[in-house]
Amino acid sequence: MAQTNSLPSALWNAPEWWIQALRQDHPDDWSLILKASMQAAPMAVRVNTRLISRDELQSRWRAQNINSDISGDVGLLLHQAQSVQSLPGFAQGWWSVQDLGAQLAAPTLLQGLPATSGQRLRVLDACAAPGGKTAHLLEMADVEVLAVDIDEARCQRIEENLNRLQLKAQVRAADAAQPSTWWDGQAFDAILLDAPCTASGIVRRHPDIPWLRRASDLVGLAQQQQALLHALWPLLKPGGRLLYCTCSLFKREGQGQIDSFLVNNTQARLLPSQGQLKPTSSTNPAPLLDNGLRDHDGFFYALLERRLDA
């Protein structure tokens, strides 16, 4: 038994290939990443500031002995996880459950985006289900959003979430990588591509992920991400922005994907963005606590701009 428990796969609750991939991509932090992935994830919420201020919601919760910490622009991190239905304000659309790292997507895409005179910005949310980032875009700004997802049942989930939050978007069940089947020919001011990935950054929420994946999945998913990037880029206006993100820690799905795209696309330039966010937890030491958030999953963000002369 002692010999079995000393195996890396038993120590880190992950297959050997997964551990080795993290060691290769993060030689200084791989053990801290795996340690963070074995911790229970906290409950974070995003406040719908169209309906209530964060301070007011936090105050109402505190009056009922539900304590939380402020994090990011509109986030609250609960001291103790609660059932969704037991927290005041869910049915009213005051808040949604969303990891603090995921809450960076909408502001990263929208902040600093040039306004268009007399018209709403057109935003595409590709691979949108279950709609958390779609809703955040609409909570932040008066934009026209098209949310596309290949799964019709999950599109229904987007609609349900938007209805609860008193928000509206056009939702379409379609393959984002095949724009000819759903695009109306009008270019977008901004595109959010939350690409399918190994989900290696959210293992603490789903501990079975490493065991459900195979090393070959990384190759197939990277090809899918590349196809989505190349298919959606032509839909962007000159001067527009595309935010590529994944909840992955593997460089092949993050920086490697963006490096390859930039080498082969002179129309694109990389704007300042978060890059690789490593998962943090309250039990981790300082090396992984440099992202400005309290406790979040692992993500990768790259903000691309289409050159005006493109």
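The values are calculated or read from the model by the stated rules, or taken from the named source; none is laboratory data. Quick caveat, the model's predicted, so the values are computed rather than measured. Here the Cβ positions follow ideal geometry from the backbone for every residue, glycine too, while neighbour counts run over all protein chains shown.
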Identify all residues within the range 115-155 that are outside any loop (DSSP other than H, G, I, E, B), over 15 Å from the mean Cα position of the chain (by Cα) and under 17 Å from THR49 (Cα atoms); write none if there are none.
-> LEU138, GLU139, MET140
Answer yes or no: is there a residue in the range 34-55 that is in contact with a strand residue (DSSP E or B) (Cβ under 9 Å, 6 or more places away or on another chain), part of a helix (DSSP H, G or I) and free of Cβ contacts under 8 Å to residues at least 12 places away in the same chain.
-> yes
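If we scan the range 68-85, do we find a residue that is under 18 Å from GLN166 (Cβ atoms) and over 17 Å from the mean Cα position of the chain (by Cα)? Give the steps one after another, and end with the answer.
First pass over the range 68-85, keeping only residues under 18 Å from GLN166 (Cβ atoms): 74, 84.
Remaining after also requiring over 17 Å from the mean Cα position of the chain (by Cα): 84.
Scanning the range 68-85 turns up at least one residue that is under 18 Å from GLN166 (Cβ atoms) and over 17 Å from the mean Cα position of the chain (by Cα).
Go over the candidates LEU100, LEU167, LEU110, LEU137 one by one and state the one that is out of contact with any helix residue (DSSP H, G or I) (no Cβ under 6 Å at 6 or more places or on another chain) and modelled with pLDDT of 95 or more. First the steps, then the outcome.
On the way: LEU167 fails: out of contact with any helix residue (DSSP H, G or I) (no Cβ under 6 Å at 6 or more places or on another chain); LEU110 fails: out of contact with any helix residue (DSSP H, G or I) (no Cβ under 6 Å at 6 or more places or on another chain); LEU137 fails: out of contact with any helix residue (DSSP H, G or I) (no Cβ under 6 Å at 6 or more places or on another chain).
Result: LEU100 is the single residue among LEU100, LEU167, LEU110, LEU137 that is out of contact with any helix residue (DSSP H, G or I) (no Cβ under 6 Å at 6 or more places or on another chain) and modelled with pLDDT of 95 or more.
Report, by residue number, each residue of the range 179-196 that is β-branched (Val, Ile, Thr) and either without any contact (Cβ under 8 Å) to a residue 12 or more places away in the chain or part of a loop (DSSP other than H, G, I, E, B) (or both).
Filtering the range 179-196 down to residues β-branched (Val, Ile, Thr) leaves 181, 191.
Of everything in the range 179-196, just one residue is β-branched (Val, Ile, Thr) and either without any contact (Cβ under 8 Å) to a residue 12 or more places away in the chain or part of a loop (DSSP other than H, G, I, E, B) (or both), namely THR181.
Keeping to the range 262-282, report how many residues are within 26 Å of VAL203 (Cβ to Cβ) and either crowded, with 16+ Cβ neighbours inside 10 Å or basic (Lys, Arg) (or both). Lay out the reasoning, then the answer.
Keep residues of the range 262-282 that are within 26 Å of VAL203 (Cβ to Cβ), which gives 273-282.
Filter once more, keeping what is either crowded, with 16+ Cβ neighbours inside 10 Å or basic (Lys, Arg) (or both): 273-274, 276-281.
Final tally of qualifying residues: 8.
Inspect all residues belonging to the range 8-31 and state whether any of them is at positive phi and touching a residue at least 40 places away in the same chain (Cβ under 8 Å). Show your work before the answer.
First pass over the range 8-31, keeping only residues at positive phi: 13.
The next check asks that each one be touching a residue at least 40 places away in the same chain (Cβ under 8 Å); those that pass are 13.
Yes.
Identify, from the list VAL203, VAL123, the residue that is over 23 Å from LEU232 (Cβ atoms) and either buried (at least 20 other Cβ atoms within 10 Å of the Cβ) or among the β-branched types (Val, Ile, Thr) (or both).
Details: VAL123 fails: over 23 Å from LEU232 (Cβ atoms).
Unique residue meeting the criteria: VAL203.
Here is a check on your reading of the model: is ARG23 in a helix (DSSP H, G or I), modelled with pLDDT of 95 or more and touching a Phe, Trp or Tyr at 6+ places or on another chain (Cβ under 7 Å)?
Details: in a helix (DSSP H, G or I): yes; modelled with pLDDT of 95 or more: yes; touching a Phe, Trp or Tyr at 6+ places or on another chain (Cβ under 7 Å): yes.
Considered against the rule, which asks whether it is in a helix (DSSP H, G or I), modelled with pLDDT of 95 or more and touching a Phe, Trp or Tyr at 6+ places or on another chain (Cβ under 7 Å), ARG23 comes out as yes.
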